[in-house]
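Scroll down for the structure; my scribbles are underneath it.
The values are calculated or read from the model by the stated rules, or taken from the named source; none is laboratory data. Keep in mind the model is a prediction, meaning the values are calculated, not measured. Every residue, glycine among them, receives a Cβ derived from its backbone with ideal geometry; neighbour counts consider all protein chains shown.
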Amino acid sequence: MNFPVKMIVTTPHFERMIHMSHNDCIREGLDLKDKNITFDHIFCESLVIKGKSSKVYHGKLTYQPKCCERCKKENINHSIVKNGFMFSKIKWISHTRYPTYLFLRKQRFLCRQCGASFLAESLEFEKHCFIARRLKQSVLFELSDASSFKDIAKRHAISSTTVIRILRKAGEEQRNQFKSLPETLCFDEFTSTKNKKGKYSFIYSNASSHKIIDILIDNFSKSIKEHFLRYSLKERLKVKAIVVDMNAGYFKLVKELFPNASVVIDRFHLVQLINRALNVTRIKTMNTYRTASPSAAKDYRKLKRYWKLFLKESNDLDYQTYHYHRLFKKVITETEIMDYLLSLNSQLKETYQLYQDLLYCSKKNDYEGFKDLILMTKKHELSPSMETSILTLKKHLPRIKNTFQSTLSNGSLEGSINKIKLIKRIAYGYRNFYNYRDRILLSFSDKKIGNENAMVFAA
């Protein structure tokens with residue numbers, strides 16, 4: 001009788017596991033790279049530590065030192081001898097949702113030449129520290145994402161204070177050294193902590209690489225000036241362009257601190273200025289029909305209902321497709337809707353037309369056309385809000401020229417600020433500005449943190 005034969009397919013990894021020693025298997029399971037750490041046959045037990053069921057691994061760290069840590073003399077003819085052990089409890093990265101500890105017996109050494117004693121050390125943890133490097137790396141990995149201190153501490157079975165301490169140490173490495181500046185910069189501000197000196201914090205980045213360089217606690221001119229004066233004049237002269245919004249406070253600073261830099265106003269803020277002026281005009285016109293006759297009240301609802309059409313480019317309005325609109329009680333195109341709404345008020349019509357012309361010039365990058373519209377428009381035909389916006393644009397015309405000649409924008413920095421707001425919202429706000437700052441810089445760091453099991457040291 002022939003019996004079926006079962007074939008066992010082995011992989012290289014499986015074959016390697018078969019030939020691995022007892023200690024190698026444990027190190028593989030813990031992702032422990034130091035071969036100087038060995039384990040007993042009874043290496044793991046379950047204990048209650050700090051009120052939580054925990055996994056505890058018992059190991060020993062020993063080796064033959066090459067020299068004395070104190071006198072630096074080489075270990076020749078057994079000049080350094082083993083001198084007992086010292087017990088250490090190392091917090092390890094959690095496994096299977098259990099807090100994990102490495103109960104380690106560290107070898108003590110005695111130098112016969114100088115009489116000093118020292119302990120065996122490992123790259124798995126820092127000297128005089130009882131938290132593993134990979135645990136710190138896992139914490140940093142989560143700190144670079146939008147998670148609160150409390151949640152990170154809970155997942156790693158450590159205190160929130162420990163998480164903050166890890167953050168601050170990483171923040172020291174992220175601190176600006178004031179050595180160099182890029183050729184292009186972006187300036188902006190955002191709301192941060194409540195207990196700081198000002199309402200807004202100042203932030204600036206590299207306009208080309210979009211990397212955040214530094215964040216200041218406030219946006220006062222004095223603070224910004226003191227900050228940039230830490231850079232050498234040679235570095236500040238290297239800056240060729242700075243992208244800003246229409247905050248007048250920056251223009252004087254740029255001229256003083258960066259003599260060779262041209263000011264570029266972010267194109268988005270130009271469009272936003274006239275956009276808001278048109279919207280204010282529409283709302284004021286709309287409100288005039290609010291308490292009027294029942295027939296005029298319909299115009300109020302129409303101006304309110306079709307506000308999006310005002311902000312749409314006129315060339316993008318649909319003039320072919322007819323749809324039934326309840327407020328008009330007939331089938332009508334978007335173009336016909338706008339024609340009717342603009343006929344309600346002459347100021348609204350002139351303001352809308354100027355808005356569309358400026359928008360077209362901005363899209364086509366036509367500075368001369370943009371300039372002519374600003375200088376030649378009859379202000380009395382416009383709404384008061386658009387008149388104010390035109391005066392603002394007229395004042396900034398030299399800088400607007402730089403905008404049309406440049407491809408730089410604040411878009412990347414505005415996007416970063418949105419992520420910064422998310423970090424703040426997840427944590428329900430920050431009391432300490434410097435913790436908030438370090439968290440932001442870590443989140444936008446170019447340093448690749450890798451996965452949560454990556455080592456922060458070279459094995």
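Miscellaneous remarks
- Every listed requirement among (1) outside any strand (DSSP E or B); (2) in contact with a Cys (Cβ under 8 Å, 6 or more places away or on another chain) is met by Lys55 save one, (1).
- Looking only at the stretch 205-220, and only at residues there that are hydrophobic (A, V, I, L, M, F, W, C) and not in a loop (DSSP other than H, G, I, E, B), the one that is surrounded by the fewest Cβ atoms within 10 Å (Cβ to Cβ): Ile213
- Residue count for the stretch 222-252, restricted to those that are of a type in the set (A, V, I, L, M, F, W, C) and part of a helix (DSSP H, G or I): 6
- Going through (1) touching a Leu at 6+ places or on another chain (Cβ under 8 Å); (2) part of a strand (DSSP E or B) one by one, Leu110 falls short only on (1).
- Among the residues listed as Tyr360, Tyr324, Tyr355, the single one being out of contact with any Gly (no Cβ under 6 Å at 6 or more places or on another chain), among the aromatic types (Phe, Trp, Tyr) and outside any helix (DSSP H, G or I): Tyr324
- Checked against (1) at pLDDT below 90; (2) touching a Lys or Arg at 6+ places or on another chain (Cβ under 9 Å); (3) within 26 Å of Ile93 (Cβ to Cβ); (4) not polar (S, T, N, Q), Ala458 meets all criteria but (2).
- Checked against (1) assigned to a strand (DSSP E or B); (2) under 25 Å from His22 (Cβ atoms), Gln64 meets all criteria but (1).
- Test: residue in the stretch 144-165 that is closer than 30 Å to Glu256 by Cα and not in a helix (DSSP H, G or I): no
- Any chance Ile80 is surrounded by fewer than 16 Cβ atoms within 10 Å (Cβ to Cβ), farther than 19 Å from Glu28 by Cβ and of a type in the set (Val, Ile, Thr): no
- Test: residue in the stretch 221-232 that is surrounded by 19 or more Cβ atoms within 10 Å (Cβ to Cβ), of a type in the set (S, T, N, Q) and in contact with a strand residue (DSSP E or B) (Cβ under 6 Å, 6 or more places away or on another chain): no
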